[in-house]
1. Can you find a residue that is in contact with a Pro (Cβ under 8 Å, 6 or more places away or on another chain) and under 25 Å from residue 206 (Cα atoms) anywhere in the stretch 127-138?
2. Would you point out the residue of the stretch 136-148, among those that are hydrophobic (A, V, I, L, M, F, W, C) and more than 13 Å from residue 190 (Cα to Cα), that is surrounded by the fewest Cβ atoms within 10 Å (Cβ to Cβ)?
3. What number of residues within the stretch 1-12 are touching a helix residue (DSSP H, G or I) at 6+ places or on another chain (Cβ under 8 Å) and assigned to a loop (DSSP other than H, G, I, E, B)?
4. Which condition number does residue 189 fail, the rest of (1) loosely packed, with under 12 Cβ neighbours inside 10 Å; (2) in contact (Cβ under 8 Å) with a residue 24 or more places away in the chain; (3) not charged (D, E, K, R) being met?
5. With the structure loaded, tell me whether residue 130 is modelled with pLDDT of 95 or more and over 19 Å from the mean Cα position of the chain (by Cα) or whether it fails that test.
6. Take residue 156 and decide whether it is surrounded by fewer than 22 Cβ atoms within 10 Å (Cβ to Cβ) and either over 27 Å from residue 7 (Cβ atoms) or modelled with pLDDT under 95 (or both).
7. Return the only residue of 108, 101, 76 being in a helix (DSSP H, G or I) and either β-branched (Val, Ile, Thr) or farther than 30 Å from residue 130 by Cβ (or both).
Amino acid sequence: MIDLYYWTTPNGHKITLFLEESGLPYRVHPVNIGRGEQFAPDFLRIAPNNRIPAIVDQAPADGGAPLSVFESGAILLYLADKTGRFIPQDLRGRNEALQWLFWQMGGLGPMAGQNHHFTQYAPEPVPYAIDRYVKETARLYGVLDKHLADGRDYIAGDYSIADMTCYPWIVPHERQRQDLADFPHLRAWFERIQARPATGRAYALAQTINTAPTVDEAAKKILFGQDAGTVRR
């Protein structure tokens with residue numbers, strides 16, 4: 001059994017995509033990050049960076065005590081290795097999947113996240129920041145579009161954690177001021193994943209957990225007002 005500490009963000013969706021695809025039994029523990037639940041002591045023992053998602057594997061492969069993992073990329077890799085699924089087993093294929101996993105963690109996610117912040121949540125428009133992050137998001141879309149232009153169905157051959165880590169960050173493409181028509185290979189890949197039954201189940205689950213996905217002023221103070229003091233308290 002996997003205990004999943006989750007909220008309905010792109011990083012959270014990565015893990016439900018994997019769990020729904022793999023059929024691993026899991027329990028969802030919602031962590032409403034807009035209400036500060038990520039600062040609960042019990043959660044911080046699992047996820048010291050006070051971010052979702054995190055998991056606790058109640059039956060790790062070594063037979064020892066329950067094992068906790070935080071950071072979405074680390075969780076995907078852990079689950080792929082646990083199940084032997086959704087990651088290529090050959091040296092070259094595994095490395096290709098891991099490169100794109102880290103590409104998303106270090107590039108697409110952070111840049112699209114800043115795009116979201118400055119286009120939608122900043123208290124006043126900052127034209128330079130908006131232009132910077134919208135263009136960088138477009139550049140990254142272009143990188144993935146070019147990679148997919150060789151006719152492959154998925155990023156690293158068969159469907160894998162490389163796809164699961166990227167797809168949720170493309171879902172809000174309109175909010176990121178991106179038009180998928182400009183990236184035809186990326187759009188075909190996106191529609192291919194969107195049509196998978198497990199993808200539908202993962203996103204349907206999200207709608208039952210966060211029925212009013214808005215960021216109000218109180219949530220903005222919690223989400224965007226953190227500093228070193230937040231960690232020390």
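The values are calculated or read from the model by the stated rules, or taken from the named source; none is laboratory data. What you see is a predicted model; the values in this text were computed from it and never measured. Note that we place each Cβ from the backbone using ideal geometry, even for glycine, and neighbour counts take in every protein chain shown.
1. Checking the stretch 127-138: not a single residue is in contact with a Pro (Cβ under 8 Å, 6 or more places away or on another chain) and under 25 Å from residue 206 (Cα atoms).
2. Per the criteria, the residue is 143.
3. Residues meeting the conditions: 3.
4. All conditions pass for residue 189, except number (1).
5. Against the criterion (modelled with pLDDT of 95 or more and over 19 Å from the mean Cα position of the chain (by Cα)), residue 130 qualifies.
6. Here the answer is no, as residue 156 does not meet what is asked.
7. Only one candidate qualifies: 76.
Here is a yes/no grid of residues against (1) hydrophobic (A, V, I, L, M, F, W, C); (2) under 20 Å from residue 171 (Cα atoms); (3) not in a loop (DSSP other than H, G, I, E, B):
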{"position": "14", "(1), (2), (3)": "no, yes, yes"}
{"position": "29", "(1), (2), (3)": "no, no, yes"}
{"position": "43", "(1), (2), (3)": "yes, no, yes"}
{"position": "52", "(1), (2), (3)": "yes, yes, no"}
{"position": "55", "(1), (2), (3)": "yes, no, yes"}
{"position": "80", "(1), (2), (3)": "yes, no, yes"}
